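Trainee: Mind having a look at this structure? Questions to follow.
Any read-out appearing in this document is the output of simple, stated calculations on the displayed coordinates, not a laboratory observation. Predicted model only: the values in this text are computed from it and were never measured. For neighbour counting, all protein chains shown are included, and Cβ atoms are generated from backbone atoms with ideal geometry for every residue, glycine included.
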Amino acid sequence: MTVEAFAPAKVNLTLHVTGQRADGYHLLDSLVVFADAGDHLALTPADEMSIMVTGSFAKGVPADRRNLVWQAAELAGWTGHIALEKNIPHGAGLGGGSADAAAVLRALGVTENAGLLGADVPVCLGATAQRMQGIGGDLTVLPDLPPLAAVLVNPGVHVPTPSVFGGLTQKNNPAMPAEIPAFKSGRELLSWLADMRNDLEPPAIAQQPVIAEVLRALSVQNALLVRMSGSGSTCFALYDDPGIAEVMARDLAQRHPEWWVRDCRLS
Ligand code: C5P
């Protein structure tokens, strides 16, 4: 009766802010991929809704209706017990509650109205490489994007998404090229990514300067590309060799035991 679900961490390889709508939401152009690391869920039907939160990032996660997984279950018309193992920093640019809510919808076979739960929920529902446009709901699947090796680093600070968007000095920035090329290798993808941006990096760094320190620490580690994900504070370094990512993650974790460091594959 119990259904298990995996909520992979979401990583924005690029995040271009191209405008703002009259209702305040921002227009985005983002290349989104997913990690082989994430939160785990188990859904067991019952007469009443309940949530139990465990895992290294359980602290501060509500076990009631405020939790997006509860709202996702309601949206799906499902009632029961949700066991939620939080392995990934939340409120951290990696999908967090949106990824968990999407995993619930996926497990229950519901794909409609996911955007009602949050702008990031539709892309997390796909859980595969996508170009995300509009305010988050215009999605194009990129089936041939080469997988990459990455090191994810979170310094343990929280930057509220609305205030990062609010700190943008320029909201009308160039989009990504209209056509995303067909990359023949991870290296080719990495060199193309180098010309792209995360426009939320400067306002996030202005609020939490440690993000710049994380980017610097990752840059000295032979990374082919270093960038922030989403509205932060998680940053990533990209490699074309998982073995190197693993060694770099171990080294960085030793030098910064106060940071969350994790090597993974992105696809
Ligand atoms: O939709 P969600 O609740 O995940 O978004 C969190 C906040 O991020 C929104 O309230 C809004 O301030 C900001 N946001 C935005 N434009 C987007 C997505 C999110 O301004 N496209």
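Trainee: I need the phi-derived Karplus couplings for region 15-27: 6.51 cos²θ - 1.76 cosθ + 1.60, θ = phi - 60°, integer Hz, Gly and Pro marked x.
Mentor: With the stated coefficients, region 15-27 comes to 8, 9, 9, 10, x, 9, 7, 4, 7, x, 5, 9, 8 Hz.
Trainee: Let me ask something additional. Determine the shape class of region 45-138: with a ≥ b ≥ c the square roots of the Cα gyration tensor eigenvalues, call it rounded for a/c under 1.5, and otherwise prolate if a/b is greater than b/c, oblate otherwise.
Mentor: In terms of gyration-tensor shape, oblate.
Trainee: Please work out the ratio of the alpha-carbon Rg of region 1-97 to 2.2 N^0.38 Å and round it to two decimals.
Mentor: In units of the 2.2 N^0.38 Å rule of thumb, it is 1.24.
Trainee: Near the amide H of SER50, under 5 Å away, which other amide H atoms are found, from residues 5 or more places off or on another chain, if H is placed in the peptide plane?
Mentor: Correct list: GLY80, HIS81, ILE82.
Trainee: Follow-up. Only counting other Cβ atoms within 10 Å, I'd like PHE34, PHE57, PHE183 sorted with the fewest neighbours first.
Mentor: Taking fewest neighbouring Cβ atoms as first place, the list is PHE183, PHE57, PHE34.
Trainee: Sort region 69-118 into rounded, prolate or oblate with this rule: let a ≥ b ≥ c be the square roots of the eigenvalues of the Cα gyration tensor; rounded if a/c is under 1.5, and if a/c is not under 1.5, prolate when a/b is larger than b/c, oblate otherwise.
Mentor: Cα axes put region 69-118 in the oblate bin.
Trainee: Can you give the convex hull volume of the alpha carbon atoms of the chain per residue, in Å³?
Mentor: Taking only Cα atoms, the chain has a hull volume of 124 Å³ per residue.
Trainee: Can I ask one more? Extending each Cα 7 Å along its Cβ direction at ASP251 and THR128, get the distance between those two points in nm, one decimal.
Mentor: 3.5 nm
Trainee: For region 90-221, what's the relative contact order in percent, using C-alpha pairs closer than 8 Å and at least 6 residues apart?
Mentor: 19 percent
Trainee: Quick check for me: using +1 on Lys/Arg Cβ and -1 on Asp/Glu Cβ, what's the dipole size of the chain about its Cα centre, in debye to the nearest 20?
Mentor: The calculated dipole for the chain is roughly 440 debye.
Trainee: What's the exposure ranking of SER233, SER185, going from fewest to most Cβ atoms within 10 Å?
Mentor: With the fewest neighbours first, SER233, SER185 line up as SER185, SER233.
Trainee: If you don't mind, another one. Which of TRP78, TRP70, TRP192 ends up with the largest GNM mean-square fluctuation for the chain, with Cα atoms connected below 10 Å?
Mentor: Evaluated over the chain, the most mobile residue of the options is TRP192.
Trainee: Please list 195-201, 214-220 highest first by mean number of surrounding beta-carbon atoms within 10 Å per residue.
Mentor: 195-201, 214-220
Trainee: Using the Cα centre of region 202-267 as the reference point, and only Cβ charges (+1 on K/R, -1 on D/E), how large is the resulting charge dipole? Debye, rounded to the nearest 20.
Mentor: 120 debye
Trainee: If you don't mind, another one. Assuming R0 = 51 Å, what is the FRET efficiency of SER219 and ASP47, from their Cβ-Cβ distance, to the nearest 0.05?
Mentor: After rounding to 0.05, the efficiency reads 0.45.
Trainee: Follow-up question, since we're still on this one. Please identify every one of the GluC sites (Glu not before Pro) in region 48-112 that sits in a loop by DSSP and has no more than 13 other beta carbons within 10 Å of its own beta carbon.
Mentor: Within region 48-112, the qualifying GluC sites (Glu not before Pro) (loop, at most 13 other Cβ atoms within 10 Å) are GLU48, GLU112.
Trainee: Connecting C-alpha atoms closer than 10 Å in a GNM of the chain, tell me which of GLN207, GLN71, GLN254 has the biggest fluctuation.
Mentor: Looking only at GLN207, GLN71, GLN254, the biggest GNM fluctuation is shown by GLN254.
Trainee: For region 170-262, what are the per-bin percents of Cα-Cα distances with bins 5 Å wide, up to the bin holding the maximum?
Mentor: So the P(r) values, bin by bin, are 2, 12, 21, 22, 19, 13, 7, 3, 0.
Trainee: Remind me, relative contact order of region 15-173 in percent, using alpha carbon pairs under 8 angstrom and six or more residues apart?
Mentor: Contact order relative to length: 27 percent.
Trainee: Percent antiparallel among DSSP beta bridges with both residues in the chain, to the nearest 5?
Mentor: 90 percent
Trainee: Shifting gears a bit: Counting Lys +1, Arg +1, Asp -1, Glu -1, what net charge surrounds ALA99 among other residues with beta carbon under 9 Å of its beta carbon?
Mentor: -2
Trainee: While we're looking at this one, here's another question. How do TYR239, TYR25 line up, fewest other C-beta atoms within 10 Å first?
Mentor: TYR25, TYR239
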